[in-house]
Each structure stands twice: as structure tokens, then as C-alpha cells.
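Since every read-out is calculated from the coordinates, none of them should be taken as a lab result. Values in this document were obtained by computation on a predicted structure and should not be read as measured data. Cβ sites come from the backbone with ideal geometry, for glycine too, and all protein chains shown count toward neighbours.
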Amino acid sequence: MGGCVRLNFVRNTPHGSLLPKDKIQRETPMARPKTTKTPRKRTAYHHGDLRRALVDAALSLLENDGIDALSLRNVARKIGVSQAAPYAHFKDKHAILEAVATVGFNTLADYMRQYEQKASDLPSTLTAYGVAYVSFAADHPALFKLMFGPELIQRESEEFIVTAAKAYETIVDISRDLLGPDGKDENLVSLHAMSAWSMVHGLANLLVDGKLNDELTRMGSPADLAEAILTSRPPIVAPLKKD
């Protein structure tokens, strides 16, 4: 390479390190001044930083390139570590997918808390949760698909299991409160919570899959569309006849 100076190094010098030959000729152990070594500043990926960096990189790959691009090898390459480094924290691709999905459920919880501040009573709080759910899906479609997709039907991480359950438990709790005295009936509470979740989850999927683009154009934003649907008149339905 042009402009580079090549230095000849020798081993086992009086100073116990690698030094250029001309430096050894000019300097003796007596003449070499004592210096106080300044601790070298640590780079990233020490003392727990690596796991966070891996998860952040995996999330970035997922949202920018899709789930097919998400592999431990690609994650390692993205942050400049060896291909073996991720295995210190994740035994396989499934493990890091669970970690990424855990970030997703925590983010969904943040959305729900944010929209909850706009509610004034229990019914509007349930609406707020639904709007938050749909808004999160619209903002993070690939992450939303992963969280509820077939890749994570088999759940192994305790942190992932607990975090995922909290979102649904929030809907169960408010359903119980909304039902008042009937909230003691766990079957009724479960039906109410499943009804609410099914509605917003279906709406979120339709939106993410591009099935509501015309409606979205008219309403202006996913949040506005979700609120309009959730607060519209209830569907006209009745129980089916029994045989």
C-alpha cells in the first residue's frame, strides 16, 4: 500500500514487547522512562452490552429486511462480532426471536399506557387500549407479525411468556371491571376479553395486510380509523337457534 512505512519487529526485547529494531538500538532499559499506563477505554459488548446489541440488531433486521433476513449470522455481521459471539446469549434463532418479540410486547404495553392517559372512564379506557393495539401494529408491522406468528407458537423463554401474557391480562382486568357484579363470572369475563381482543387483533391484521387502505385514506391515520370502528354502533347480532 502506497505511503506506508514497513517496520521490522523482533521478539524477546529487553522490554518484553514488540519494538522496532531502531528503537531498541537507541534505547536501553536504563534509559527508558517509566510511564504510567492509562487504562484503555473499553469498547462495546462488554459486561452485558452484547446481548442488548444483538437484540437491537435483530430488531433492525426484522423491521428493515423481514424475518427471512434474521439469522444469528446476519445479526453478528451487523454489529461486527464473530459468528460465534451470539451463541453466548442465544442458543439458536428461535431464542433471539423470542427476545425480539419480548421487546415488542413491552413496546405494546408502552403504547397502551400512553393512550390510557386520554381515557376518562372504563369504556373509553378499553377503547384506548384498542387504539393503542392497532397503532402499534401499524407502526411496527413486521414485529407485530412476529409476536403473533407461527414462528413463536412454541414458547420457551420465561420472560417472553410472562411479558406476552401481561397484554392480554390487561384486557381481562378491564373486562372484569366493566362487567360490574357480573365480573365474578370468570366465563363471562373471558368471553368479554376475547371479544374485545378478537376485534382489535382482526382490525390490526387487516390494516397491516393492506386490506383497509381506502378506509385509512378517508380516516387519516390508523388511530383515527381504529377509534371510529371501536366506538361505532355495535353489530346487530343475535344468538343462533338451538337444535
Subject >> Residues of segment 57-78 with amide N under 19 Å of the 7 Å Cα→Cβ point at Asn213 >> reply: none
**OP:** Would you kindly state how much longer the chain becomes between Ser232 and Asp56 on full extension, computed as 0.36 nm times their sequence separation minus their alpha carbon distance, in nm to one decimal?
**Re:** 59.5 nm
**OP:** Given a cut-off of 25 Å, name the pairs among Lys91/Lys145; Lys118/Lys145; Lys166/Lys211; Lys118/Lys166 whose C-alpha atoms lie farther apart than that in the structure shown.
**Re:** Lys118/Lys145; Lys166/Lys211
Original post:
If we sort 53-61, 202-210 on the protection proxy, mean other Cβ atoms within 10 Å, highest first, what's the order?
Top reply: 53-61, 202-210
Subject >> Exposure proxy order (Cβ contacts within 10 Å, fewest to most) of Tyr115, Tyr168 >> reply: Tyr168, Tyr115
**OP:** Along Cα→Cβ, 7 Å out, is where each label goes; now give me the distance between the ones at Ser190 and Arg155 in nm to one decimal.
**Re:** 1.6 nm
Original post:
Given +1 on the Cβ of Lys and Arg, -1 on the Cβ of Asp and Glu, and no further charges, what dipole in debye does segment 125-243 carry about its Cα centre, rounded to the nearest 20?
Top reply: 400 debye
**OP:** For segment 125-243, divide the Cα radius of gyration by the Kirkwood radius and give the resulting Rg/Rh value with two decimals.
**Re:** 1.00
